[in-house]
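The values are calculated or read from the model by the stated rules, or taken from the named source; none is laboratory data. Note that the coordinates shown come from a computational prediction; the quantities given were computed from them, not determined experimentally. Quick reminder, even Gly has a Cβ in these numbers, built from the backbone with ideal geometry, and neighbours come from all protein chains shown. SASA here: full protein model, heavy atoms, side chains in, ligands and nucleic acids out. Shrake-Rupley method; radii C 1.70, N 1.55, O 1.52, S 1.80 Å.
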Amino acid sequence: MTTDAHPGPLRLLVFGAALREESTNARLASLVAGILTDAGATVDLAAMREFDMPLYDGDLETAHGLPDGALALRDRLEWCDAFVLASPEYNASVPGVVKNAIDWVSRVRPQPFKTKHALLVSASPSLVGGNRGLWALRVPLEHLGTRVYPDMFSLAAAHKGFTEDGQLADAGLQQRLGETVRAFLHLVEADARYVCLQRRWYEFPGDRTEAPVTQRAED
């Protein structure tokens, strides 16, 4: 029988997807990183400013290849077992800089989003907490084969949602965030460590129900 395939701590990339330095999504990403670290994971906390890249242009790609920022993000994704994306909401949808990064990185072969688990979180001053943007963000990620965790977390009125020490001001929301993050981590652990278990999540077009229990479609 196949033994555990992943010794050592789970590796999580936590990615604050806003450009603004004092973004509430950066604060939310930092909070999630702390929860994951306390749960025993190894965390790589990243910010969008670390991955500078131009607007996607096929002619630019043909002439110069992928930009350094896209390749750097690819490297961080390949390192991790799963990632958490803290994304703002712009006009009820995905910020252009986030979609642009996904578009560039999706050009890498092998494509690094495929079969990664992802948790989406958001913070916004609005009453819906950026949740509409997360629903829009699921579309390109799931299209690329990312296994986006069904539960998402959105912090409304985020401009007054944090305490001075970086926790959530609402104790109930702090508890729910912790429960969501830890439940996601348990799913990642099951997938990374116990590959002998039969997979029954056939949600994406590339998956095949007749495949061997440990096989995934990669094409």
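For ARG138, are the conditions met, namely being without any contact (Cβ under 8 Å) to a residue 60 or more places away in the chain and either open to solvent by 70 Å² or more (accessible area, probe 1.4 Å) or in a helix (DSSP H, G or I) (or both)?
So ARG138 fits the description; yes.
Of all residues in segment 141-170, count the ones that are among the hydrophobic types (A, V, I, L, M, F, W, C), surrounded by 19 or more Cβ atoms within 10 Å (Cβ to Cβ) and touching a Ser or Thr at 6+ places or on another chain (Cβ under 6 Å).
Qualifying residue count, segment 141-170: 2.
With respect to THR42, is the statement that it is touching a residue at least 40 places away in the same chain (Cβ under 8 Å), of a type in the set (Val, Ile, Thr) and touching a Pro at 6+ places or on another chain (Cβ under 9 Å) true?
Against the criterion (touching a residue at least 40 places away in the same chain (Cβ under 8 Å), of a type in the set (Val, Ile, Thr) and touching a Pro at 6+ places or on another chain (Cβ under 9 Å)), THR42 does not qualify.
Could you grab me the full set of residues in segment 95-129 that are open to solvent by 30 Å² or more (accessible area, probe 1.4 Å), among the aliphatic types (A, V, I, L, M) and free of Cβ contacts under 8 Å to residues at least 60 places away in the same chain?
Across segment 95-129, the qualifying residues are LEU127, VAL128.
Just give me the residues in segment 174-187 being aliphatic (A, V, I, L, M) and either surrounded by fewer than 17 Cβ atoms within 10 Å (Cβ to Cβ) or at pLDDT below 95 (or both), in sequence order.
ALA183, LEU187
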